[in-house]
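The values are calculated or read from the model by the stated rules, or taken from the named source; none is laboratory data. Because the structure is a prediction, the values reported are computed rather than measured. Backbone-built Cβ (ideal geometry, glycine too); neighbour counts: all protein chains shown.
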Amino acid sequence: MIVALIINVIAIGFLVYSFRRSARETFRALKLALMKGLKLAPWMIGIIVLIGIILSFVPPEVIERYLGGEMTVYQVGAAALLGTISMIPNLIALPLAGSLINSGASYTTIAAFLTTLTMVGIVTMPLEIKLLGKKITFWRNLLAFFFAIIIALIIGFLM
């Protein structure tokens, strides 16, 4: 709660600074952000409701069995592979991760899912190959997967 308060105070400070620099541009930016937020809101609400419905049908014991409890290599690997092939916006993945942790998932498996989700791009690989080439794409994704697993293990150790 304190962290959220600090972040909000900093954001308000930057907003005040922006208003002092150019009130007109700040209003324009806020209007643009509001319009984009309103376009995104129905999708966000829908996905959050969908996550809630899915989690209401899946008992916490099942989540704990497959994603929590005694953390196994299988659980971390499955979560990492799921994150690798998923194309979920971070804005949706973070509340999902929080819900899964509250239902009994381990921090390590959720960290593996989130880090591979953001660092490894199987779905976007064709575009990446087109822009960067096969060799760079292959090595970037392989190293990203490797480091995502290391990050997940470190988070599991620290938590």
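Quick notes on this one:
- In the condition set (1) assigned to a helix (DSSP H, G or I); (2) surrounded by 12 or more Cβ atoms within 10 Å (Cβ to Cβ), residue 88 is compliant with all but (1).
- Verdict on residue 123 being assigned by TED's automatic domain parsing to the domain that holds residue 148, closer than 15 Å to residue 144 by Cα and of a type in the set (Val, Ile, Thr): yes
- Tally of residues being over 19 Å from the mean Cα position of the chain (by Cα), of a type outside the set (Val, Ile, Thr) and at pLDDT 90 or above across the stretch 110-139: 5
- Any hit, the stretch 30-41, residues being more than 30 Å from residue 142 (Cβ to Cβ), surrounded by 12 or more Cβ atoms within 10 Å (Cβ to Cβ) and modelled with pLDDT under 80: yes
- Condition check for residue 114: part of a helix (DSSP H, G or I) and under 30 Å from residue 14 (Cα atoms): yes
- Taking the criterion of being among the small types (Gly, Ala, Ser) and touching a residue at least 60 places away in the same chain (Cβ under 8 Å), the residues of the stretch 124-159 that qualify are 148, 152, 156.
- Filter result for residue 96 (at pLDDT 75 or above, in a helix (DSSP H, G or I) and not polar (S, T, N, Q)): yes
- Test result for residue 121, within 20 Å of residue 76 (Cα to Cα), part of a loop (DSSP other than H, G, I, E, B) and touching a residue at least 12 places away in the same chain (Cβ under 8 Å): yes
- Scanning the stretch 71-109 for residues that are farther than 17 Å from residue 56 by Cβ, within 16 Å of the chain's Cα centre (by Cα) and hydroxyl-bearing (Ser, Thr, Tyr) yields a count of 6.
- In the stretch 50-85, residue surrounded by the fewest Cβ atoms within 10 Å (Cβ to Cβ) [restricted to those that are of a type in the set (A, V, I, L, M) and modelled with pLDDT of 80 or more]: 73
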